[in-house]
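Each reported figure results from applying straightforward, stated rules to the coordinates on display, with no laboratory input. Bear in mind the structure is a predicted one, so any value in this text is a computation, not a measurement. Cβ sites come from the backbone with ideal geometry, for glycine too, and all protein chains shown count toward neighbours.
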Amino acid sequence: MNLIIFLYGLLFGSFFNVVGLRVPEGRSVVRPRSACPACGHTLRAKELIPVFSYLMQGGRCRACRARISPLYPLTELVTALLFLYAYQLFGLTTDFMIALLLISLLLIIVVSDLAYMIIPDKVLLFFFLLFLVGRMIRPLEPWWDSLAGGAVGFLLLLLIALASKGGMGGGDIKLFAVIGFVIGMKGVLLTFFLSCALGAVIGLVLMGFGLVQRGKPMPFGPFIAAAAMIVYFKGEALLSWYSSFFV
């Protein structure tokens with residue numbers, strides 16, 4: 001079963017690349033078939049094997065030898081590993097399905113934010129409706145924690161956006177609202193602080209290596225995604241560890 005979950009994760013990860021790159025441009029996720037962005041070469045079946053095609057081709061297009069972004073295999077591999085971890089943690093339960101939905105949303109957001117610095121409303125709305133059903137089947141305790149989490153996530157980011165006069169994008173605000181609905185009020189607050197810490201540390205490292213210029217906008221979605229995943233899987237342990245300092 002572990003192998004099946006992992007393989008499904010690779011396949012879904014490949015699809016998440018398509019969604020994250022096409023939806024912000026208003027393109028269909030079904031047609032046309034995937035092609036090399038450099039030369040337009042339509043990819044054949046053997047060029048679409050997640051991760052392995054990238055490795056076998058040396059990270060280059062088979063037709064024009066242009067470099068393929070490592071984002072493609074990385075998204076596929078991370079999706080597979082997270083799917084597998086969620087299965088090992090929850091088994092075949094409703095919690096597992098909610099975890100898969102959250103992983104799927106966050107990885108699509110990472111792809112779109114890195115490529116275009118856009119978090120598509122269509123993606124957020126689609127997944128919110130699925131989370132709404134999921135939380136009806138498996139509500140948080142207390143049940144209103146989802147509503148409180150969504151409201152806190154939205155209002156917190158909205159206040160920061162207003163105070164910073166646009167320093168926080170509308171997509172980030174709505175994404176935090178969806179995340180808050182899934183993981184509740186304490187979870188979304190922890191996600192916020194953790195994402196800011198990750199953004200600050202990694203931003204400083206990237207600036208140190210000259211990969212990011214000071215004052216230049218940087219996509220915040222990947223840090224939100226990483227923080228939300230950590231909190232979803234290890235939030236209770238983190239809160240217990242933090243609380244231990246005050247006992």
Next item on the list: For R60, list long-range residues whose amide hydrogen, built 1.01 Å from N in the peptide plane, is under 5 Å from its own amide hydrogen.
Entry: I68
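Show me the ranking of peptides 96-104, 216-224, 46-54, 60-68 by mean Cβ neighbours inside 10 Å, starting with the highest.
96-104, 216-224, 46-54, 60-68
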Next item on the list: Report Rg (one decimal) and Dmax (nearest whole number) for segment 139-247, counting Cα atoms only, units Å.
Entry: 14.9, 47
Margin query: Please list, ordered by chain and number, the residues whose modelled amide H lies under 5 Å from the amide H of H41; skip anything fewer than 5 residues away on the same chain.
Written below: C36
Next item on the list: Sticking to Cα atoms, compute the Rg of segment 1-117 to one decimal and its Dmax as the biggest Cα-Cα distance, whole number, in Å.
Entry: 14.7, 46
Next item on the list: With runs of 4+ DSSP H residues as the only contributors, calculate the mean residue ellipticity of the chain at 222 nm using -39,500 (n - 2.57) per run, divided by the residue total and rounded to the nearest 500.
Entry: -23500 deg cm²/dmol
Checklist line | Alpha carbon convex hull of segment 33-86, projected area averaged over orientations, nm² | finding: 3.8
Item checked: Per-residue Cβ neighbour rank within 10 angstrom, fewest leading, K174, K234 -> K234, K174
Checklist line | Two-decimal Rg/Rh across the chain, once Rg and the Kirkwood Rh are taken from alpha-carbon atoms | finding: 0.98
Next item on the list: Could you tell me which of the pairs K165/K216; K174/K216; K186/K234 are separated by over 18 angstrom between their Cα atoms in the structure shown?
Entry: K174/K216
Note to self: Taking 8 Å as the Cα distance limit and 6 or more residues as the minimum spacing, I'd like the relative contact order of the chain as a percentage.
What the structure shows: 17
Note to self: Filter the chain for me: DSSP H helices, axial length by Cα at least 27 angstrom, mean Kyte-Doolittle hydropathy not below 1.6. List them by residue number.
What the structure shows: 94-116, 170-208
Next item on the list: Pull up all non-local amide H partners of L140: gap of 5 or more, or a different chain, and H-to-H distance under 5 Å with H placed in the peptide plane.
Entry: S146
Notebook entry, point to check: For the peptides 129-139, 145-155, what is the packing order when you average, over each peptide's residues, the other Cβ atoms within 10 Å and list the highest mean first?
Noted result: 145-155, 129-139
Item checked: Lone cysteines, the chain (no partner Cβ under 4.7 Å) -> C196
